[in-house]
1. For region 1-18, enumerate the residues that are assigned to a loop (DSSP other than H, G, I, E, B) and either touching a helix residue (DSSP H, G or I) at 6+ places or on another chain (Cβ under 6 Å) or at pLDDT 90 or above (or both).
2. Please pick out the residue among Arg41, Arg62 that is more than 18 Å from Asp85 (Cα to Cα) and either more than 15 Å from the chain's Cα centre (by Cα) or among the aromatic types (Phe, Trp, Tyr) (or both).
3. Step by step: first the residues of region 1-14, then only those that are among the hydrophobic types (A, V, I, L, M, F, W, C) and surrounded by fewer than 17 Cβ atoms within 10 Å (Cβ to Cβ), then the one that is farthest from Lys88 (Cα to Cα). Which residue is that?
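The values are calculated or read from the model by the stated rules, or taken from the named source; none is laboratory data. A quick note: this is a predicted structure, and the numbers were derived from the prediction, not measured. Don't worry about glycine lacking a Cβ; one is built from the backbone with ideal geometry, like all the others, and counts go over all protein chains shown.
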Amino acid sequence: MSDDGFSLPVPAFKADEALVQIKRALRDLKLVERGDGYELRGRRIAELALDGNVVAVKLARRPMNTPEWARTIVRSSVDQRKWIDEVKKRLARWEHED
């Protein structure tokens, strides 16, 4: 393809803004915020931390008192959407299992 000068640059990822958006999405999913984590029915299922220019996130494999964590690094808006979608899938699966 030729470079016709109409390509738009990808906007820079702003981790601090992404963290705010992720927190809002988790609250919209009716999760309770406690410190740096989020709980479902009193069990911690997610933890968030700003780590330089990325957001380090952990999501419980199952809601338990001492969960096993799946760790992910959010480096872009695509990663952010994928992680929030994964949270939604797990919440739906856990609700169905109960």
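1. Lys14, the sole residue that qualifies.
2. Arg41
3. As a first pass, look at region 1-14 and keep what is among the hydrophobic types (A, V, I, L, M, F, W, C): 1, 6, 8, 10, 12-13.
Remaining after also requiring surrounded by fewer than 17 Cβ atoms within 10 Å (Cβ to Cβ): 1, 6, 8, 10, 12.
Numbers: Met1: 38, Phe6: 36, Leu8: 31, Val10: 27, Ala12: 26 Å.
Checked region 1-14; the qualifying residue farthest from Lys88 (Cα to Cα) is Met1.
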